[in-house]
1. Got a sec? Which residues in the range 213-229 would a label at ASP11 touch, if it sits 7 Å along Cα→Cβ and we count backbone N under 18 Å?
2. Just to confirm, what accessible area per residue do you get for the chain at 1.4 Å probe, in whole Å²?
3. Computing the accessible area with a 1.4 Å probe over protein heavy atoms, can you report the carbon and sulfur percentage for the chain?
4. Sort the following peptides by mean Cβ neighbour count (other Cβ atoms within 10 Å, averaged over residues), highest first: 13-26, 86-99.
5. Mind checking which lysines have their C-alpha under 20 Å from LYS121, skipping anything on the same chain fewer than 8 residues away?
6. May I ask what percent, to the nearest 5, of DSSP beta bridges between residues of the range 1-143 are antiparallel?
7. Within straight cross-link reach of LYS249, meaning Cα distance under 27 Å, which lysines are found once same-chain residues fewer than 8 apart are removed?
8. Do the sum for the chain: with -39,500 (n - 2.57) for every DSSP H run of n ≥ 4, divided by all residues, what is the mean residue ellipticity at 222 nm, to the nearest 500 deg cm²/dmol?
Amino acid sequence: MTLRKRLTAPDILIAPGVYDGLTAALATDAGFEALYLSGAAVAYTRLGRPDIGLSTASEMTDTMALIADRTDLPVIMDADTGFGNALNARRTMQSYERAGASALQVEDQTYPKKCGHLSDKSLIKKDEMCGKIAAMADARRHDTLIIARTDAIAVEGFDAAIDRAGSYIDAGADVLFIEAPRDSSELSKIADAFRGRVPLLVNMVEGGATPISSATALQDMGFDIVIFPGGIVRALAKTAEDYYASLKKAGSNKPFLDRMHDFDGLNAAIGTPEMLAMGKKFDGSA
Ligand SMILES: C[C@](O)(C(=O)O)[C@H](CC(=O)O)C(=O)O
């Protein structure tokens with residue numbers, strides 16, 4: 001089922017953040033219907049750096065291609081600002097589509113951008129953003145959704161964010177993402193302003209500007225997609241810190257064994273038996 005079709009269903013689509021083949025495989029096996037390839041998660045894991053526009057479009061497309069080899073689920077892909085002007089955004093649509101994305105999220109921050117939950121963001125003009133959206137729509141060759149994100153709440157205020165979002169629909173956005181609403185009243189106002197016009201995406205960042213709500217509560221408010229972009233990295237980073245500290249202290253992996261997969265456990269999680277069986281099927285030995 002295409003992502004566009006799935007968004008006509010009444011229940012909210014939950015898209016967990018992924019950033020490589022392993023996280024894509026594990027999220028797929030957990031039963032999700034779509035994945036979110038988070039630019040923040042790629043910056044955190046591949047660069048060990050913040051989400052401030054350091055990672056490149058090529059790093060993102062490389063990552064997308066690896067993920068597409070590992071899962072058949074539709075992937076919503078973070079295109080940041082489109083990596084430049086409208087022509088760059090156009091090219092980003094072409095390369096992300098080729099890599100296997102089902103939706104591109106593009107935002108109206110200046111370049112380089114920042115995580116939506118950091119302070120001191122700045123925006124491009126509304127018309128420039130509309131041009132980027134139109135350029136991306138012009139470049140697409142498949143039914144790839146354009147998710148227009150505005151970071152205006154923290155910069156120009158709530159009303160300006162609603163105004164920008166309306167213009168982004170007129171420019172051709174398929175889905176709206178109003179970043180970092182600050183309370184449940186702002187969440188409800190967003191849903192009320194756009195319900196029935198285009199699907200709405202909401203972002204749950206642990207410790208970010210938006211209060212954490214359950215997917216069901218967000219669905220009841222009127223949201224259609226919820227992403228949990230960086231949660232997996234926060235979970236793994238905490239585990240990794242604990243693991244390294246334990247290994248350093250004990251000089252042994254024994255104290256941590258009950259908190260990790262053993263050899264067979266990891267192989268089961270990544271499908272080693274199935275891959276080896278497949279190899280036998282094709283190596284002429286069967
Ligand atoms: C959605 C987001 O753009 C991302 O890169 O995943 C980030 C998430 C994060 O920084 O945790 C965002 O700007 O909200």
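The values are calculated or read from the model by the stated rules, or taken from the named source; none is laboratory data. Quantities reported herein were computed from a predicted structural model and do not represent experimental measurements. Please note: Cβ atoms are built from the backbone with ideal geometry, for glycine as well, and neighbour counts cover all protein chains shown. Each accessible area value is taken on the protein alone, full model and side chains, heavy atoms only, with ligands, DNA and RNA left out. Shrake-Rupley method; radii C 1.70, N 1.55, O 1.52, S 1.80 Å.
1. It comes to 214-228, nothing else.
2. Details: 13900 Å² over 286 residues.
Per residue, the chain has 49 Å² of solvent-accessible surface.
3. The value for the chain is 55 percent carbon and sulfur by accessible area.
4. Order by mean packing, descending: 13-26, 86-99.
5. LYS113, LYS132
6. The answer is about 10 percent antiparallel.
7. LYS238
8. After summing the helix terms and dividing by residue count, I get -14000 deg cm²/dmol.
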